[in-house]
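The values are calculated or read from the model by the stated rules, or taken from the named source; none is laboratory data. Note that the coordinates shown come from a computational prediction; the quantities given were computed from them, not determined experimentally. Counting neighbours? That spans all protein chains shown, and the Cβs are built from the backbone with ideal geometry, glycine included.
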Amino acid sequence: MNTNKDKLVIFDTTLRDGEQSPGASMTKDEKIRIARMLERMRVDVIEAGFAIASQGDFEAVQAVAESVKDSRVCSLARAVGPDIIRAGEALKKANASRIHTFIATSPIHMKYKLQMEPEKVLEQAVAAVKHARQFTDDVEFSLEDGSRSEPEFMYRIIEAVIAAGAGTINIPDTVGYGEPEEYGAMFRRVIESVPNSDKAIFSTHCHNDLGLAVANSLSAVMNGVRQVECTINGLGERAGNASLEEIVMAVRTRQDLYPVETGIDTTHIVPTSRLVSSITGFPVQPNKAIVGANAFAHESGIHQDGVLKHRETYEIMRAEDVGWGQNRLVLGKHSGRAAVKARYEELGVTFDDPAEFQIIFQRFKDLADKKHEIFDEDLQSIVAGAEEPVEHYQLAALDVHSRSGTRPRALLQLMIDGKEVSAEADGSGPVDATFKAIESVVSSNADLKLYSVNAVTQGTDSQGSVTVRLERNGRLVNGVGADTDILVASAQAYLDALNLLASGEPKRQGV
Ligand code: KIV
Ligand code: ZN
């Protein structure tokens with residue numbers, strides 16, 4: 001690292017704020033897989049969850065704390081005793097831990113949400129920071145809805161929490177209301193006005209409601225902020241959070257402007273983006289900066305000509321620097337167990353149980369029979385559907401008839417608790433017919449909230465990766481399926497979601 005530059009701390013909250021996207025909740029194993037990729041990318045701080053939110057969240061924070069060694073692992077906690085105790089317990093085994101405690105400081109939040117006087121908020125904030133310091137020497141304090149808080153009150157509360165032991169002060173733009181110039185200037189004034197501001201690192205945390213999350217974060221960096229909170233693919237509540245890949249690459253590409261450097265190994269960006277997308281079922285739009293499929297594709301003849309003559313004519317970054325082109329052909333149908341296992345390890349997936357690996361290996365072989373080239377994305381989609389706790393419903397066979405001018409008809413055989421059952425139905429399209437056939441025997445009473453299909457790799461022999469989101473009695477589950485036949489993948493995803501609904505404990509735990 002260039003010694004003239006300050007370090008910009010990258011705080012990833014994909015597993016906490018990202019998971020707060022409706023439908024993006026993740027299992028413990030999925031969180032561990034993403035956390036390992038973030039660690040490999042050299043993310044400084046991984047916010048693994050909100051330990052008090054549920055038993056599942058507690059266990060996920062605990063599991064990430066145990067498996068990640070090189071990044072600091074953090075849990076969110078409201079500024080109240082039980083939250084802080086729970087966060088501290090979950091982080092006990094972390095190599096390096098952080099408790100991130102917060103309370104709202106804007107007039108509107110204090111009056112209507114907290115129904116507390118500002119003095120009481122200040123008192124509670126100080127007490128929370130002191131309490132958190134009993135569990136770890138790394139405590140972050142956030143002023144929720146900070147960008148709409150009154151400056152004088154912010155200065156007082158920040159001074160007090162720094163004195164109480166907070167090492168990082170985060171001023172979030174919780175509702176995505178900020179504008180770059182104004183948000184950056186706010187940090188400059190805070191840093192100048194708070195007498196002990198030199199004892200803390202200031203942090204930004206921006207939501208994207210007006211599409212300004214990255215711009216606001218970068219403006220904050222220009223005005224003295226040295227930690228950015230962000231998520232892979234910009235995942236997050238409502239319109240999302242600032243996207244990690246955009247922040248990191250903006251800082252790296254415009255070193256002439258930014259007085260900071262990150263420690264991120266950017267070559268892991270694209271594989272991590274794909275992993276997050278395949279786990280959450282949220283596709284990345286093709287024109288998304290850095291990680292979209294078209295981000296480095298030059299379509300026009302003039303651009304292609306320019307790039308061939310001298311790459312920098314139209315390219316400001318190199319695709320390989322962010323991990324494009326690394327989905328190299330790794331394996332095929334002649335690959336053995338050791339090679340498959342080793343590649344999984346490189347992708348951050350380990351198998352403690354040989355029986356579990358045997359299931360994955362068999363799925364790999366089945367896929368390799370249908371598809372000659374097995375890419376990293378294929379390997380990830382194989383494991384994505386491999387953690388089902390209960391398999392009440394399994395697909396035995398599917399036969400779909402679809403001809404132009406006629407209504408598609410699906411005939412299928414299901415195994416329901418080991419018993420074969422046949423079903424058929426027609427529908428407005430082949431997928432609709434397949435789902436209706438399943439429902440004709442299952443009668444789940446669930447609402448279909450999302451159906452999404454994506455090609456896992458390029459080419460017509462690619463696997464289709466399907467996500468089906470179902471809701472029943474307020475419980476939301478994401479089923480996933482992948483197959484070279486997208487109708488089979490769709491049926492698998494639907495059954496996966498039904499299995500999750502049928503299993504006593506939720507596979508995915510939202511906050
Ligand atoms: O957006 C927000 O204000 C948050 C805080 C809890 C940091 O996510
Ligand atoms: Zn947030």
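Consider segment 267-284. How many of its residues are surrounded by fewer than 20 Cβ atoms within 10 Å (Cβ to Cβ) and not in a loop (DSSP other than H, G, I, E, B)? Step through it out loud before you land on a result.
Restricting attention to segment 267-284, the residues satisfying the condition of being surrounded by fewer than 20 Cβ atoms within 10 Å (Cβ to Cβ) are 267, 283.
Next, only the ones that are not in a loop (DSSP other than H, G, I, E, B) stay: 267.
Summing the residues that are surrounded by fewer than 20 Cβ atoms within 10 Å (Cβ to Cβ) and not in a loop (DSSP other than H, G, I, E, B) in segment 267-284 gives 1.
Which one is surrounded by the fewest Cβ atoms within 10 Å (Cβ to Cβ), of the residues in segment 152-193 that are part of a helix (DSSP H, G or I) and among the β-branched types (Val, Ile, Thr)?
Applying the filter and picking the extreme gives ILE191.
Select from segment 22-51 the residues that are in a loop (DSSP other than H, G, I, E, B) and touching a Phe, Trp or Tyr at 6+ places or on another chain (Cβ under 7 Å) and list them in ascending order. I'd like the intermediate steps shown before the answer.
To start, the set of residues in segment 22-51 that are in a loop (DSSP other than H, G, I, E, B) comprises 22-27, 41-44, 50-51.
Within segment 22-51, ALA24, ASP44, ALA51 qualify.
Please work out which one of (1) without any contact (Cβ under 8 Å) to a residue 40 or more places away in the chain; (2) within 14 Å of ligand 2 (Cβ to nearest atom); (3) over 26 Å from GLU245 (Cβ atoms) is the condition VAL190 fails and give its number.
It is condition (2) that VAL190 fails.
For segment 229-238, check the following and say yes or no: at least one residue is within 16 Å of ligand 2 (Cβ to nearest atom) and of a type in the set (Ser, Thr, Tyr). It would help to see each step written out before you state the result.
Filtering segment 229-238 down to residues within 16 Å of ligand 2 (Cβ to nearest atom) leaves 229-238.
Then drop every residue that is not of a type in the set (Ser, Thr, Tyr), which leaves 231.
The answer is yes; a qualifying residue exists.
Among all residue pairs at least 6 apart or on different chains, which show Cβ distances below 8 Å where the first residue, located in segment 452-472, is within 15 Å of GLN285 (Cα to Cα) and in contact (Cβ under 8 Å) with a residue 12 or more places away in the chain and the second is surrounded by fewer than 21 Cβ atoms within 10 Å (Cβ to Cβ) and of a type in the set (D, E, K, R)?
Note: pairs meeting the criteria are THR457/GLU373.
Would you be able to tell me the number of residues in segment 1-20 that are within 16 Å of ligand 1 (Cβ to nearest atom), modelled with pLDDT under 95 and surrounded by fewer than 21 Cβ atoms within 10 Å (Cβ to Cβ)?
1
This table checks each residue for (1) within 16 Å of ligand 2 (Cβ to nearest atom); (2) over 28 Å from ASP137 (Cα atoms); (3) crowded, with 24+ Cβ neighbours inside 10 Å.
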residue	(1), (2), (3)
PRO195	no, no, no
SER203	yes, no, yes
ALA215	no, yes, no
ASN223	no, no, no
ASP265	no, no, no
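Scan segment 145-171 for residues that are in contact with a strand residue (DSSP E or B) (Cβ under 7 Å, 6 or more places away or on another chain) and within 16 Å of ligand 2 (Cβ to nearest atom) and report the count.
Total meeting the criteria: 8.
Return the residues of segment 451-475 that are outside any loop (DSSP other than H, G, I, E, B) and under 30 Å from ALA368 (Cβ atoms); say none if nothing qualifies.
Just the residues of segment 451-475 that are outside any loop (DSSP other than H, G, I, E, B), to begin with: 451-455, 464-472, 475.
The answer is TYR451, SER452, VAL453, ASN454, ALA455, GLY464, SER465, VAL466, THR467, VAL468, ARG469.
Within segment 139-173, can you find the residues that are among the β-branched types (Val, Ile, Thr) and within 16 Å of ligand 1 (Cβ to nearest atom)? Working first, answer last.
Taking segment 139-173 and keeping what is among the β-branched types (Val, Ile, Thr), we get 139, 157-158, 161-162, 168-169, 171.
If the condition is that a residue be among the β-branched types (Val, Ile, Thr) and within 16 Å of ligand 1 (Cβ to nearest atom), then VAL139, ILE157, ILE158, VAL161, THR168, ILE169, ILE171 are the ones that fit.
Kindly indicate whether ARG343 is modelled with pLDDT of 80 or more, farther than 25 Å from VAL468 by Cβ, surrounded by fewer than 17 Cβ atoms within 10 Å (Cβ to Cβ) and not polar (S, T, N, Q).
Details: modelled with pLDDT of 80 or more: yes; farther than 25 Å from VAL468 by Cβ: yes; surrounded by fewer than 17 Cβ atoms within 10 Å (Cβ to Cβ): no; not polar (S, T, N, Q): yes.
It is false that ARG343 is modelled with pLDDT of 80 or more, farther than 25 Å from VAL468 by Cβ, surrounded by fewer than 17 Cβ atoms within 10 Å (Cβ to Cβ) and not polar (S, T, N, Q).
Examine segment 475-482 for a residue that is modelled with pLDDT under 95, on the phi > 0 side of the Ramachandran plot and exposed (fewer than 15 other Cβ atoms within 10 Å of the Cβ), and state whether such a residue exists.
Taking segment 475-482 first, the residues modelled with pLDDT under 95 are 475-482.
Next, from what is left, pick out any that are on the phi > 0 side of the Ramachandran plot: none.
No; the residues of segment 475-482 include none that is modelled with pLDDT under 95, on the phi > 0 side of the Ramachandran plot and exposed (fewer than 15 other Cβ atoms within 10 Å of the Cβ).
Are any of the residues in segment 396-412 surrounded by 15 or more Cβ atoms within 10 Å (Cβ to Cβ) and of a type in the set (Lys, Arg)?
yes
Please determine whether any residue of segment 438-446 is within 30 Å of VAL270 (Cβ to Cβ) and out of contact with any Leu (no Cβ under 6 Å at 6 or more places or on another chain).
Residues of segment 438-446 within 30 Å of VAL270 (Cβ to Cβ): none.
Scanning segment 438-446, I find no residue that is within 30 Å of VAL270 (Cβ to Cβ) and out of contact with any Leu (no Cβ under 6 Å at 6 or more places or on another chain), so the answer is no.
Just for segment 58-78: of the residues that are buried (at least 24 other Cβ atoms within 10 Å of the Cβ) and touching a residue at least 60 places away in the same chain (Cβ under 8 Å), which one is nearest to ASP12 (Cα to Cα)?
Taking the candidates together, the pick is CYS74.
What are the pairs with Cβ atoms under 6 angstrom where one residue, in segment 88-115, is more than 17 Å from VAL175 (Cα to Cα) and in a loop (DSSP other than H, G, I, E, B) and the other, located anywhere, is of a type outside the set (A, V, I, L, M, F, W, C) and within 16 Å of ligand 2 (Cβ to nearest atom)? Sequence gap at least six, or different chains.
LEU91/SER75
I want to confirm something. Restricting to segment 233-272 and keeping residues that are touching a strand residue (DSSP E or B) at 6+ places or on another chain (Cβ under 7 Å) and β-branched (Val, Ile, Thr), which single residue is nearest to ligand 1 (Cβ to nearest atom)?
ILE247
Quick check on segment 285-297. Is at least one of its residues part of a strand (DSSP E or B) and either modelled with pLDDT under 95 or more than 21 Å from MET41 (Cα to Cα) (or both)? Please lay out each step first, then the result.
Residues of segment 285-297 that are part of a strand (DSSP E or B), as a first pass: none.
No, the conditions are met nowhere in segment 285-297.
Only residues that are crowded, with 20+ Cβ neighbours inside 10 Å and under 23 Å from the mean Cα position of the chain (by Cα): list them for segment 89-117, please.
If the condition is that a residue be crowded, with 20+ Cβ neighbours inside 10 Å and under 23 Å from the mean Cα position of the chain (by Cα), then ALA90, LEU91, ALA94, SER97, ARG98, ILE99, HIS100, THR101, PHE102 are the ones that fit.
How about segment 11-39: which of its residues are in contact with a Ser or Thr (Cβ under 8 Å, 6 or more places away or on another chain) and away from ligand 2 (no atom under 16 Å from the Cβ)?
GLY23, MET26, ILE32, ILE34, ALA35, ARG36, MET37, LEU38, GLU39
Does SER203 satisfy the condition of being in a helix (DSSP H, G or I) and either without any contact (Cβ under 8 Å) to a residue 60 or more places away in the chain or touching a strand residue (DSSP E or B) at 6+ places or on another chain (Cβ under 9 Å) (or both)?
Numbers: in a helix (DSSP H, G or I): no; either without any contact (Cβ under 8 Å) to a residue 60 or more places away in the chain or touching a strand residue (DSSP E or B) at 6+ places or on another chain (Cβ under 9 Å) (or both): yes.
Answer is no for this residue.
Specify the residue that is surrounded by the most Cβ atoms within 10 Å (Cβ to Cβ); the eligible residues are those in segment 239-259 that are among the aliphatic types (A, V, I, L, M) and within 16 Å of ligand 2 (Cβ to nearest atom). Don't jump to the end; show me each part of the working.
Residues of segment 239-259 that are among the aliphatic types (A, V, I, L, M), as a first pass: 239, 242, 244, 247-251, 257.
With the extra rule that they be within 16 Å of ligand 2 (Cβ to nearest atom), the set shrinks to 239, 242, 244, 247.
Working: ALA239: 15, ALA242: 27, LEU244: 34, ILE247: 25.
Of everything passing the filter in segment 239-259, LEU244 is surrounded by the most Cβ atoms within 10 Å (Cβ to Cβ).
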